[in-house]
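Here is the structure we will look at.
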Amino acid sequence: MDFVPEIIDEAVVLNAVDVCTNGNDCRPCAELAVGIHNWLVAHKLQYLIVDFQDEKDVCTSILAELLQLKKRLRYPFLFCGMMEGPKKFLKSYAYNDYPFFAVPEEAVAFIRKTQPNLLKVDLSNVKQGEPIPCTRSRNYRPEDAEEAEEPDAEPDA
């Protein structure tokens, strides 16, 4: 799964691509949430607009991680292109601060109307079309990755 920034009406929208559908305890999605946090801080954005582009199934790990990030940052987190399953999951975690939006343009208009000062950020360093970098979490153990990458040794003949 990747999130790719796009500037729409002077606001950044993260488009979800190659959406993960793994579900609970998905380490790559947890690591992606760390990357989103770092990316938001580096770009001095104080809002998050995510467009899931009408994907029917979305990994519950990324949704839960985004909600945890929302609690920590206390920024507006706006979700677009959400089908009923992912919406239901977010509502079950008490996501009710903002409406769901059909398209990102509606979310941008909502921020422009309710908190226009959030959009007064220099976006010249945002690389559109390039996935935001994923950061390994502190719990990542390199030896796990090495074991997964090594092919099974063949017995000597």
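Summary table
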read-out: Selection count where residues are over 17 Å from the mean Cα position of the chain (by Cα), without any contact (Cβ under 8 Å) to a residue 60 or more places away in the chain and either within 13 Å of residue 47 (Cβ to Cβ) or open to solvent by 100 Å² or more (accessible area, probe 1.4 Å) (or both), scope the range 92-121; value: 8
read-out: Cross-chain or 6+ apart pairs with Cβ under 7 Å, the range 52-72 first and among the small types (Gly, Ala, Ser), then open to solvent by 60 Å² or more (accessible area, probe 1.4 Å) and modelled with pLDDT under 95; value: 61/22; 61/24; 61/25; 64/93
read-out: Sole residue being open to solvent by 70 Å² or more (accessible area, probe 1.4 Å) and in contact (Cβ under 8 Å) with a residue 40 or more places away in the chain, chosen from 88, 44; value: 44
read-out: Top-ranked residue of the range 47-56 - restricted to ones that are open to solvent by less than 10 Å² (accessible area, probe 1.4 Å) and in contact with a Leu (Cβ under 8 Å, 6 or more places away or on another chain), ranked as nearest to residue 106 (Cα to Cα); value: 49
read-out: Matching residues in the range 18-33 - criterion: being hydrophobic (A, V, I, L, M, F, W, C) and either assigned to a loop (DSSP other than H, G, I, E, B) or open to solvent by 50 Å² or more (accessible area, probe 1.4 Å) (or both); value: 19, 20, 26
read-out: Subset tally (residues that are surrounded by 17 or more Cβ atoms within 10 Å (Cβ to Cβ) and farther than 15 Å from residue 105 by Cβ) for the range 3-17; value: 4
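Let's see how each residue does on (1) within 12 Å of the chain's Cα centre (by Cα); (2) part of a helix (DSSP H, G or I):
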position: 36; (1), (2): yes, yes
position: 39; (1), (2): yes, yes
position: 54; (1), (2): no, no
position: 65; (1), (2): yes, yes
position: 90; (1), (2): no, yes
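The values are calculated or read from the model by the stated rules, or taken from the named source; none is laboratory data. Treat the numbers as computed from the prediction; the structure is a model and nothing was measured. When we count neighbours, we look across all protein chains shown, and the Cβ atoms used for this are built from the backbone with ideal geometry, even at glycine. Calculation scope for accessible area: heavy atoms of the full protein, side chains included, ligands and nucleic acids excluded. Shrake-Rupley method; radii C 1.70, N 1.55, O 1.52, S 1.80 Å.
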